[in-house]
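Report on the following structure.
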Amino acid sequence: MAVRFKHPKQSLSLSSEYVNKFIKTQINLSKPPPKLWSDQHDAESFDPYNNNSAQILNLSHPILRILDSCTPNLKYFNQIHSQLILSGIFQHPLAAGRVVKKLCSSQLTLTHAVKIFENLETPDAFICNTIMKSFVNFDEPSKALFFYYDQMVKNGIFQNNYTFPILFKACADLGMVKEGKKIHAHIVKCGFELDLYTRNVLIHMYSVCWRIDDARKVFDLSSDSDLVTWNTMIDGYVKNGEVNFARRVFDVMPERDVFSWNSMLSGYVGIGDMEAANLLFMDMPSRDIVTWNCLLDGYANVGNVVAARSLFEQMDYQDVVSWTTLMALYVRLKDYGECLRLFDRLMQGRDIQPNEAILMSVLTACAHLGKLDLGKWIHSYISYSRRINPDTLLSTALLTMYAKCGQMDLAKEVFAQMPEKSVVSWNSMIMGYGTHGHGEEALETFMEMEKSGVMPNDATFVCVLSACTHSGMVLEGWWYFNVMTRVYRIEPKVEHYGCMVDLLGRAGLTRDSEDLIKNMPMDSGPALWGALLSACKTHSNVELGEIIAKRLIERDPEDIGSYVLLSNIYAAQERWGDVEKVRNMMVVKGIRKEAGSSLVQFANSNMWCFPEDVSVHKRNILCSMLNEMGVQIKCQSER
């Protein structure tokens, strides 16, 4: 039992109260330690100052049994607390420890545990450690450190070898290496530096705080190391990018477990050395699901979809992480169809339920493939599932899917229900309105964004300028291009200039577009000149079009777009000789234009339509249907 000494602050004279308390604590130290368990089931009334009665208390005491079985509810706990006081056992170390431990089991009652602690007459290290450990476990490490200095150190409560690992864990969570070094110096004075458990946590603290050399010094302090010590050192090297040093430690380990192998495997995966990772994987005596997922994630990071899929199929069991990794890989590689096929396979299995990350991948695939029906099904699944938390990322993916599928009303509905809207959410709404020609709604959404206090970024202005481009809003485009630099201090990038060139070009202001490109502070690139060339084709500016096209062909002779646009410009002016020259240039250089295609969704299947694959009678049917659609659209517009 730790004894608390209260040192005089200003005066050297000892008060009578202090002397009496000091005598009582010395009496407690001279007594034999209390028996916490006895053969009897009843407990005697406990008096901390009674030296004549045996201090016997065990867990079979009826009040302690009720305390252990109750939930940490303050209203119910206060009744038990009252009974502990009335029975005279509240100050007993066993009872006090059980009380504090019960209150520390819930974050809602942790503050009350501190209040109980402040009313204990002789609190010990066990109770302090319980409170500090709870603060760390509930992600409040700063409160653990404050409690240590304000209660434990200030009141002279002696620490034990279980105290310091908790403090090092708090320092690691906060990244406070200087505070960790102070406590390290203190444990050296206390003689706990060679304690195995303390060393292990100290190595972890230095590793997390990017002081791997200090971690190695602690590791080398003693040869008395267990498997946790070796694994912590390897994990520290891996997390600090020192994979070669990690391998040296790994090779001299006296014994290894699956965590040792997985740590080393994650190190090779982290640096992208998949050859070494695969060799290590093959040498492993045993593998768990973490092993397979680690290697799968490595192949996904380097974009090796073939190896990733092969490994996925070799797995005896795929958990939700396995499915998430592979589906995200297909989305990143723009193979949206395979992502959806994997999702169908997942749902047919019924063994694993999709999480938020999987649903985000599926919604992204739906957005690019126009799978509105599947997107609506996902929306319904999210609404009725109790496991899925529609956070900002998932809700943004959902509204983006609706926006890309042209369902702006549904996108707006999802957007309105979001409790928190990120800048990406606002950007998706602005881009959705702009893409479908609703320029006014896009600008109104931007103004609402400004009023909400969300700071627009450079991507926001790409969306705004793109909306102006699709709606032909030249004046508004110039205005927001100026607002971006003048108000928000955002330097225009190539994407912003591209939108402005496209905006001016579509309005027929090709000379202004050319001047804007020439005055750019960075390299314009072929994309901007290509946009201007397209504007020259639209507005039959042959002279400027020829100059730009020849410049683009000289810059990138393999880019077919420049040849096609120049050929179309000549064809619009009926300069067939020049058209033939351009086509001959393409033939000589071996450049061939890929045939255009359209993706049409019929019920639950997709059909890709290529012009050369369509027979004459099917072509006639398509033309007839298009004419009918044109008539319907015209009738609707006249109403």
request  = Quickly rank 278-288, 210-220 as a protection proxy: mean count of other C-beta atoms within 10 Å, highest first.
outcome  = 210-220, 278-288
message = So if I average 1/r over every pair of distinct C-alpha atoms in the range 137-261 and take the inverse, what Kirkwood radius in Å does that give?
response = 15.0 Å
ask   = Could you give the distance between the Cα centres of the range 267-344 and the range 388-404, to the whole Å?
value = 26 Å
remark   = So the FRET efficiency between K217 and I490, C-beta based with R0 = 45 Å and rounded to 0.05, is 0.45
Accessible area expressed per residue, the range 432-490, with surrounding protein chains retained (probe 1.4 Å, Å²) = 49 Å²
remark   = Check: C-alpha center the range 447-493 vs C-alpha center the range 139-187, spacing in Å is 50 Å
note = At q = 0.20, 0.29 1/Å the base-10 log of I(q)/I(0) from the Debye formula over the alpha-carbon atoms of the range 177-228 is -0.63, -1.28
Per-selection metrics, the range 422-491 (Cα): Rg and Dmax in Å = 10.7, 29
request  = Just list whichever of K115/K217; K143/K239; K102/K181; K376/K421 have alpha carbons separated by over 30 Å in the model shown.
outcome  = K115/K217; K102/K181
remark   = Output for the range 248-350: GluC sites (Glu not before Pro) sitting in coil per DSSP, at most 13 other Cβ within 10 Å, listed by number, reads E255
query = When the chain is fully extended, how far beyond the present Cα-Cα distance does N119 get from Q107, taking 0.36 nm per residue of separation?
reply = 2.3 nm
Cβ-derived FRET efficiency at R0 25 Å, F158 paired with K182, nearest 0.05 = 0.90
remark   = When all Cα-Cα pair distances of the range 225-317 are considered, the percent exceeding 15 Å is 57 percent
query = Put a dot 7 Å past each Cα toward the Cβ at V424 and Q79; how far apart are the dots in nm?
reply = 4.9 nm
query = Considering only DSSP states other than H, G, I, E and B, which chymotrypsin sites (Phe, Trp or Tyr not before Pro) in the range 117-187 qualify as loop sites with at most 15 other Cβ atoms within 10 Å?
reply = F138, F158
query = Label-point separation (nm) for T392 and R350, each offset 7 Å from Cα along Cα-to-Cβ?
reply = 3.9 nm
note = dims of the range 259-381, Cα set, principal axes, largest to smallest, nearest Å -> 46, 27, 20
note = Note, the range 105-115: 3J(HN,Hα) by Karplus (6.51, -1.76, 1.60, θ = phi - 60°), whole Hz, Gly/Pro = x, goes 6, 10, 5, 6, 10, 5, 4, 5, 4, 5, 5
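The values are calculated or read from the model by the stated rules, or taken from the named source; none is laboratory data. Keep in mind that what you see is a predicted model, and the values were worked out from it rather than measured. Here Cβ is always computed from backbone atoms with ideal geometry, including for glycine, and neighbour counts include all displayed protein chains. Note: areas computed on protein heavy atoms with side chains; ligands, DNA, RNA excluded. Shrake-Rupley method; radii C 1.70, N 1.55, O 1.52, S 1.80 Å.
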